[in-house]
Amino acid sequence: MSQFKCNIVANLIGKLWPAIVGLAVVPLYIRFMGIEAYGLIGFFATLQTVLGLLDLGLGTTANRELARLSAQPETAQESRDLVRTLEHMYWASAVLIALAAAALATWLGGTWLRAAGLATGTVQRAVLLMGLAIALQFPSILYAGGLLGLQRQVTYNALAVGVVTLRAVGAVV
């Protein structure tokens, strides 16, 4: 199969699999956690979306620039410099996200999110862990853009499918 066809199939699987897994595990989440705790997952998804805006399109920029630079073998050092520079920006943002989560977890979990059936301390710890998880995941936007820009769709989608599967199975366990 040509590289183009492999990329199309990999991208299709990479988009369908998270949707299938997501639909399959929701009833399990609700059964094991209860609807109020499942609401925290909705809050986590919202936080991920909002904090994903902090990317400011740099993941897409990395994708485009690495695609352009990969067509010219003499620009390998420029590609490395670009990725290294963006890595510093992404990891600094991840640290800021983690610090913000630590600073806001008590207020968000105790005042802003009102959970009747969950202990306030549990909600506060959940919010803190959400912030830390988002902070650790934030740099993956850069790496995903880089892999896609280098025409590594199969590698990217294999990693994405693996992470989605591990996340879903781990959450159920």
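The values are calculated or read from the model by the stated rules, or taken from the named source; none is laboratory data. Worth saying up front: this structure is predicted, and the values here are computed from it rather than measured. Ideal geometry is used to build each Cβ from the backbone, glycine not excepted, and the neighbour counts take in all protein chains shown. Ligands, DNA and RNA are stripped out before the accessible areas are found, and what is left, the full protein with its side chains, is counted by its heavy atoms. Shrake-Rupley method; radii C 1.70, N 1.55, O 1.52, S 1.80 Å.
Brief remarks follow.
- FRET efficiency, 1/(1 + (r/R0)^6) with R0 25 Å, evaluated for TRP91 and TYR38 via beta carbons: 0.20
- Helical content of the chain, expressed as a calculated mean residue ellipticity at 222 nm, amounts to -28500 deg cm²/dmol (DSSP H runs of 4 or more residues, -39,500 (n - 2.57) each, divided by residue number, nearest 500).
- Cα-projected label distance for LEU99 with ALA119, points at 7 Å along beta-carbon direction, nm: 3.1 nm
- For the chain: relative contact order, % (alpha-carbon pairs under 8 angstrom, 6 or more apart): 40 percent
- Surface composition of segment 1-42: carbon plus sulfur atoms contribute 78% of the solvent-accessible area (1.4 Å probe, protein chains only, all chains present).
- Across all directions, the average projected area of the convex hull around the alpha carbons of segment 1-75 is 7.6 nm².
- Take the chain with all the other protein chains still there, run a 1.4 Å probe, and you get 62 Å² of accessible area per residue.
- One decimal place: the segment LEU28-PHE4 gains 4.9 nm when fully extended, by the rule 0.36 nm per residue minus the C-alpha distance.
- Hydrophobic long helices, here whole DSSP H runs in the chain with Kyte-Doolittle means of at least -1.0 and Cα atoms spread over 20 Å or more along the helix axis, are found at 3-33, 35-52, 76-107, 120-137, 153-172.
- D_trans [Stokes-Einstein, Kirkwood Rh over alpha-carbon pairs] for the chain, 4 °C, 1.567 mPa s, µm² s⁻¹: 72 µm²/s
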